[in-house]
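The values are calculated or read from the model by the stated rules, or taken from the named source; none is laboratory data. No experiment lies behind these values; they were computed from the predicted model shown. Every residue, glycine as well, gets a Cβ built from its backbone with ideal geometry; the counts of neighbours run over all protein chains shown. Surface areas here come from the heavy atoms of the whole protein model, side chains and all, with no ligands, DNA or RNA. Shrake-Rupley method; radii C 1.70, N 1.55, O 1.52, S 1.80 Å.
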Amino acid sequence: QLPFDSFYLSMLGISSYYVAADSPEGDERQALIDETLFSLRKALAQPTRLPIKGQVDYVLGKIYFQKGEPWLDLSVYYLERSIEDGYEAKDTEQFLALGYAAIGDHATAVQHFEKALAKAPSDVLKLSAAISYKELGELDKTVEYLSSSIESAADALLVQRARFLLGEIAMEKGELSEADRLYRSIIETDPGSAE
């Protein structure tokens, strides 16, 4: 009976996901991810009502995000469905923002970036939001988030990436002295930067 019990399958899938998240890369981790997908998809296919459907959708959304291309559309689908089912984790908006950005829907991505940043600001999210705003041609918001990232980030690579993007914007605007200043600031912190 258990192989077709939707609650049992849900618990097996969710627990497999969290064990996989703490496992090093390799065959064992991949087997746990496969177990997660198999169990959760099978749980959703059962005719009985699933009391934790929102959590199942959320975990599926994260698994598909971690699998990357070509699964990102499924990630967004299941994360959106988890919200519809009444379940929202603290990182749901963050993964939705990153998922929409990855599939090229930057207009929807920035909406989710704004919600994610309102809940838990982070420099990585600011940089990612800036990239989506740049894709939309909204340079004021792009500069705002890039500047904020540079001011607060402790990660030198993140600061360097933000300065590169600001340098590109300055070049596009014809502000060559500003671009020069930004590129020189990168060389000061990373003299070996080939870029």
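Structure values in brief
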item: Residue match in the stretch 45-55 (condition: closer than 30 Å to residue 148 by Cα and among the basic types (Lys, Arg)); result: no
item: Near pairs, Cβ below 8 angstrom, 6+ apart or cross-chain, from the stretch 92-119 (closer than 20 Å to residue 55 by Cβ) to any residue that is open to solvent by 50 Å² or more (accessible area, probe 1.4 Å) and in a loop (DSSP other than H, G, I, E, B); result: 94/120; 119/90
item: Output for the stretch 149-182, where each listed residue is of a type in the set (Ser, Thr, Tyr) and either at pLDDT 95 or above or on the phi > 0 side of the Ramachandran plot (or both); result: 177
item: Residues being within 23 Å of residue 82 (Cα to Cα), open to solvent by less than 60 Å² (accessible area, probe 1.4 Å) and without any contact (Cβ under 8 Å) to a residue 40 or more places away in the chain - total across the stretch 6-34; result: 8
item: Some residue of the stretch 84-98 being of a type in the set (Phe, Trp, Tyr) and more than 23 Å from residue 117 (Cβ to Cβ); result: no
item: Residues satisfying the stated conditions in the stretch 35-48, i.e. among the polar types (S, T, N, Q) and open to solvent by less than 20 Å² (accessible area, probe 1.4 Å); result: 36, 39
item: Answer from 111, 30, 66 - the residue that is within 21 Å of the chain's Cα centre (by Cα), in a helix (DSSP H, G or I), over 26 Å from residue 131 (Cα atoms) and of a type in the set (S, T, N, Q); result: 30
item: Residue count, the stretch 120-133 (criterion: touching a residue at least 12 places away in the same chain (Cβ under 8 Å), over 13 Å from residue 159 (Cα atoms) and open to solvent by 50 Å² or more (accessible area, probe 1.4 Å)); result: 2
item: Count - residues of the stretch 168-184 that are surrounded by 11 or more Cβ atoms within 10 Å (Cβ to Cβ), small (Gly, Ala, Ser) and out of contact with any Ser or Thr (no Cβ under 9 Å at 6 or more places or on another chain); result: 1
item: Residues satisfying the stated conditions in the stretch 69-102, i.e. of a type outside the set (Phe, Trp, Tyr), surrounded by fewer than 19 Cβ atoms within 10 Å (Cβ to Cβ) and not in a loop (DSSP other than H, G, I, E, B); result: 73, 74, 80, 81, 83, 84, 102
